[in-house]
Amino acid sequence: MKKSLIIIGLITFLLTINAAGLMAAGQTLTDLERLGMHLYKDKNLSLNQNQSCQTCHHPLAGFADRSNFLHPYDKFVSLGSDGVSQGGRNAPTSAYAGYSPIRYYIETTIGDETVIEYFGGMFWDGRATGETLGDPLAEQAQGPPTNPVEMAMLDEEAVIDVITASDYYDLWVSVFGRVSNVKDAYDNFGRAIAAYERSAQVTQFSSKYDVAGDEFTTEEENGLDLFESKCSACHATTADYNAPAALFTTYGYANIGVPVNPLVPLEGPDLGLGGDIGDTTQEGKFKIPTLRNIAMTAPYSHNGSFPTLYDMVSFINDRSPYDPEVDGNLSTLVGNLDLTEAEIDDIVAFLETLTDGY
């Protein structure tokens, strides 16, 4: 019965987001954004011409993985172009990622202890810092095409060869000029995709929360109140990073105690940010995701351990039944919220107002 209700809910959301996509498609793009859209959707930029950026970041799934969204109990990570390889982490939404700043940290001294908090960058572990191109989102876009378990292209030159042979190369030339060397062209490849992901077709700010907040139901209003008191420290409800409205993230990092997902192919614990920077005090910390379109991006957490929003919020409320994958550096802000079942339902109702296309 539970799965049947979820399937009905998924169909409803698909119809909603499809209508939103049609509306957004009518919006005018700049030439740079339009070029980025072509690149974002081009399956020829993968080993077997079967996978594009959109495959794992699709509008019908809130710009996350549509296959995972449709099968949240069975699929947790994306399948590679070779049809066999799997990534080690759940694909996050590409929407609203463009506000994430170049990775930085803040040191705070509390008594004799110095606490370091990281913010920004891209990927769950923040490894696309933005320091090379001055834009974390552009650097992130450069990763998947040559990743052997994702789009699996031989190298950057192979990607550029596809572009120069494409029917949108004239548009590329009008934006960037003719390709003269692979490195510069691949940097421009990342910049163009980032421009599209920042466009109003992807980053829409068109949810019920944005356009009809005065029409909230009692449950949604209660959920917002609870969210602001229990969740906003990590998922800020105030506009920041020059965004026009709340992003529902600080773009910070936290270890919330997510358990191992035994169905995700990893050789050992995923250390997240700490593994990238080689700092044991940051092990187990993953980037705090935006909650915009969260109802469309199941399953949840960096390894897809939670198939439904209710499951995810229940875990945030009480994580005591679970053993964390990394038991150090655990956040004290989650896992002991003392929410009732009705309050969890209200928070979920509020989170469902964050779906674009209302």
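The values are calculated or read from the model by the stated rules, or taken from the named source; none is laboratory data. It should be emphasised that the depicted structure is a prediction, and the values quoted were computed from it without experimental measurement. Here the Cβ is made from the backbone with ideal geometry for all residues, glycine too, and neighbour counts use every protein chain on show. All accessible areas refer to the heavy atoms of the entire protein, side chains included, with ligands and DNA or RNA removed. Shrake-Rupley method; radii C 1.70, N 1.55, O 1.52, S 1.80 Å.
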Mind checking which of Thr332, Asn293, Leu309 is farthest towards the positive end of region 248-358's charge dipole, using Cβ charges of +1 (Lys, Arg) and -1 (Asp, Glu) about the Cα centre? Asn293
Restricting to the chain, compute how many DSSP beta bridges are antiparallel as a %, nearest 5. 90
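Can you work out the accessible area per residue across the chain, with the rest of the protein chains kept in place, probe 1.4 Å, in square angstrom?
45
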So which residue, out of Ser199, Ser229, Ser314, gets the largest mean-square fluctuation from a GNM of the chain using Cα contacts under 10 Å as springs? Ser229
Give the angle, between 0 and 90 degrees and rounded to the nearest 10, that separates the Cα long axis of helix 182-198 from the longest principal axis of the Cα atoms of the chain. 50
In whole Å, how far is the Cα centre of region 137-185 from that of region 274-288? 30
Projecting the Cα atoms of Thr217, Gln140, Tyr118 onto the charge dipole of the chain, where Lys and Arg contribute +1 and Asp and Glu -1 at Cβ, the residue farthest towards the positive end is Gln140
Starting with the highest mean, order 45-53, 235-243, 299-307, 150-158 by the number of other Cβ atoms within 10 Å, averaged over the residues of each peptide. 299-307, 45-53, 150-158, 235-243
From the Cα gyration tensor of region 31-353, with a ≥ b ≥ c the square roots of its eigenvalues, which class applies: rounded if a/c is under 1.5, or else prolate if a/b is larger than b/c, or else oblate? prolate
Taking the Cα centre of the chain as the origin, how large is its charge dipole in debye, to the nearest 20, when only Lys and Arg (+1) and Asp and Glu (-1) carry charge on their Cβ atoms? 980
So if I place +1 on the C-beta of Lys and Arg and -1 on the C-beta of Asp and Glu, and nothing else carries charge, what would the dipole magnitude of region 183-271 be about its Cα centre? I want it in debye, nearest 20. 400
